[in-house]
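None of the figures in this text is laboratory data; all of them are computed from the coordinates on show. Note that the structure is a prediction, hence the values are computed from the model and not measured. Virtual Cβ from ideal backbone geometry, glycine too; neighbours counted across all protein chains shown.
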Amino acid sequence: MAASKLHRSVESSRSPDGFQGKAVPPRHQLVAEAEEPVTLTPSAFLKEMSLSTQQRLAATARDTRRPHIVQLLDMSETSHQKFSAVDLDQSLFQPFPSEVVFQSYVPCEVYEVPLVLRNNDMVPRLVKVVLESSPYFKLISPTDVCRKVAPGMPSTFHILFTPEENKDYFHELTCITEREKFIVPIRAIGARAILDFPDQLNFSVCPVKHSTQRTLLVRNIGNREARYHISTQSPFSVDPSIGTLGIGDTMQVTVEFHPLKTGDHSSSLQVHYDTGEDVHTSLYGAAVDVNIRLDRNSLTIEKTYLTLANRRSVVIHNRSEIIAHFQWKAFVTQEEEEQHKMRLCGRLQQQEEGEMDRFIEECAVDPTLRERLTVLSRIFHNERAKVRGDSMLFSDNIFTVEPVVSDSREPLPSPPPEMRSLGTSLLPRLAWERGDQVSSKAGRVEKKSCAIEGL
């Protein structure tokens, strides 16, 4: 019964066109160097996984790579032709396919792929193929395997594959010529999860310093449970970033675009499967300024008496289509803010080193104090963490701003369409303001300076 099943499988594989006609490359085909892995889009991955073994073989008809040579041999021991026209970094025989691949198979059926070895030399050469014992793979050699292969002519071997279940299998063939040994990998691709992400996701034009989200409904259209890890780079983010999804199940994936600078932004959304494949979706978004502004760039507060206060107001106009959140900051740019934080952390580091030196000297006198060394280190660690997490809002002993930050429950709303030409305004109260900046979390007021003087 097994023999009849094998016979039917082999006969079905030899269609009128035949495996051999599809497998043998053109005689003058250039041999390609080993290339970097190709970036797969979701649609390309789906197409590749949908191919049968025969279709996969036909698709690689022009994808021939040099094999991996594992050992050089002494030609004088096996041949009188001690010199070759083939360079040492190339094998005497070129294998096709460069990797034997089986896919889309059914357990207990028999599948066959031919391996063609073409003599690249100018003289006849011997070649031998060895397959280590395996319950899943079998090698069938040609009847004239002991004869030399003429220049430019092929010798065809056949690899039979009988899977027990729909999972991955790996093996390899060792090809032995008169001059070297090289490896031809065998790979059987089992069940795969396929998440139907789009090839591209375009956020189009979005406000700068504002979050724009796109929610995707993703389905597992493969034949295996998906165990995935999704990642991307700023200014894009994704949620969820890790998880599992059953066969045929769906989930929502939210991709967020939060640009901090105007201009075009592009990145890649990478989906990594537990089976080793990486699939990439192209992300694009353009960040632009929106019409959010101050009504003036400077403000003079009338003189006042000691212990008393004098107030003036500056108006923030929101004529955009989004809700704006704002903060009064101590620095004009994010770079200046980060540099200030680095200076503060550097001072704390110097203070910590000085305290440590003093503490070690005290420990030399009283060894019991060594237990407090970790406490001192943790104190400075916490201080540096506070500096890095500080929002650097405007703060001063004499001058105040109310509100210094917009209330998350009552942000600066966008006006209705019929009022958009007028906009929505907010009047922060300023008491003896000296020269601080307003930072809008969305819009054109990016660290906009408002200089205020007190008399």
Using R₀ = 56 Å, calculate the FRET efficiency as 1/(1 + (r/R₀)^6) where r is the Cβ-Cβ separation of Leu217 and Asn297; round to 0.05. 0.75
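Once fully extended, how much extra length lies between Lys128 and Ala364, figured as 0.36 nm per residue of separation less the alpha-carbon to alpha-carbon distance? Spell out each step's value before the answer.
On the way: separation 236, 0.36 × 236 = 84.96 nm, distance 7.54 nm.
Working it through step by step, the gained length comes to 77.4 nm.
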What is the gain in length, in nm to one decimal, between Lys138 and Ala85 on full extension, counting 0.36 nm per residue of separation less the C-alpha to C-alpha distance? 15.8 nm
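Ordered by packing density, taken as the mean number of other Cβ atoms within 10 Å over each peptide's residues, highest first, how do 174-182, 227-235 rank? Walk me through the intermediate numbers first.
Working: 174-182: 20.7, 227-235: 16.3.
Answer by packing, highest mean first, reads 174-182, 227-235.
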The simple spin-label model distance between Thr262 and Ala58, using points 7 Å out along Cα→Cβ, in nm, is 5.4
Expected unfolding gain across Leu73-Asp249 under the 0.36 nm per residue rule, minus the alpha-carbon gap, is 57.9 nm
Cα atoms only: what Rg and Dmax, in Å, come out for the stretch 222-296? 16.8, 63
Would you please give the FRET efficiency between Glu336 and Arg388, computed as 1/(1 + (r/R0)^6) with r the Cβ-Cβ distance and R0 = 22 Å, to the nearest 0.05? 0.90
Would you mind checking Lys303/Lys386; Lys209/Lys329; Lys303/Lys341; Lys82/Lys148; Lys47/Lys261 for any pair whose Cα atoms are more than 26 angstrom apart? Lys303/Lys386; Lys303/Lys341; Lys47/Lys261
For the stretch 247-324 and the stretch 180-205, write down the distance between their C-alpha centroids in whole Å. 35
For the Asn166, Leu51 Cβ pair and Förster radius 22 Å, calculated FRET efficiency rounded to 0.05 is 0.90
